[in-house]
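Step one of this worksheet: look at the structure below.
Values quoted throughout were computed directly from the atomic coordinates according to the rules given, and no laboratory measurement underlies them. These numbers come from a predicted model, not from an experiment. For neighbour counting, all protein chains shown are included, and Cβ atoms are generated from backbone atoms with ideal geometry for every residue, glycine included.
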Amino acid sequence: MENSQELHGNGNLVDPGLKIKRHSLYQSGGKFSLPWIDTRVFYIRISNFKVDESTHESLILKHIPLSPETLLEVNGVRCSIDSEGVSCLLRRDRAYKKSEEVTFEHG
């Protein structure tokens, strides 16, 4: 019987339920192809934070790429090593006065 399990380059088993999506920007060039992850929603949690009525309703997150392998697309705007970065607005989702935590979400 043939062994149907695949291994990563590091020797770990590949999960057959996971799929890596290659972004079309890198497929057409033929030079190289990078893994692509598509995130619909993400959260940022800030701890040790005084939560009161002055806590902001939103937070701006700015991603500035540091290497050519970094490619980020937020709401249709691509960010690469040659760009100044990309920003996205996160809205406050929850605020916990007792635990002094606040979460912001995008999605």
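In nanometres, what is the gap between the two model label sites at Ile81 and Asp52, each 7 Å from Cα along Cα-to-Cβ?
A separation of 4.7 nm, rounded to one decimal place.
Per-residue HN-Hα couplings for segment 41-58, Karplus 6.51 cos²θ - 1.76 cosθ + 1.60 at θ = phi - 60°, whole Hz, x for Gly and Pro?
The phi angles translate into 9, 9, 10, 10, 10, 10, 9, 6, 10, 6, 9, 8, 5, 8, 5, 4, 7, 9 Hz.
Report the net charge of residues surrounding Phe104, where surrounding means a beta-carbon distance below 14 angstrom and charges are Lys +1, Arg +1, Asp -1, Glu -1.
Numbers: positive: Arg45, Lys62, Arg91, Arg92, Arg94; negative: Glu57, Asp93, Glu101, Glu105.
Within the 14 Å Cβ shell, the charges total +1.
Report the net charge of residues surrounding Asp93, where surrounding means a beta-carbon distance below 10 angstrom and charges are Lys +1, Arg +1, Asp -1, Glu -1.
Numbers: positive: Arg45, Arg91, Arg92, Arg94; negative: Glu105.
Combined, the nearby Lys, Arg, Asp and Glu give +3.
Show me, for segment 80-91, the HN-Hα J-couplings you get by feeding each phi into the Karplus relation (A = 6.51, B = -1.76, C = 1.60, θ = phi - 60°), rounded to Hz, glycine and proline as x.
10, 4, 8, 9, 7, x, 9, 10, 9, 8, 9, 9
Averaging sequence separations of C-alpha pairs under 8 Å and six or more residues apart, then dividing by the length of segment 37-106, give the relative contact order as a whole percent.
On the way: 123 pairs, mean separation 29.4, N = 70.
Dividing the mean separation by the residue count of segment 37-106 yields 42 percent.
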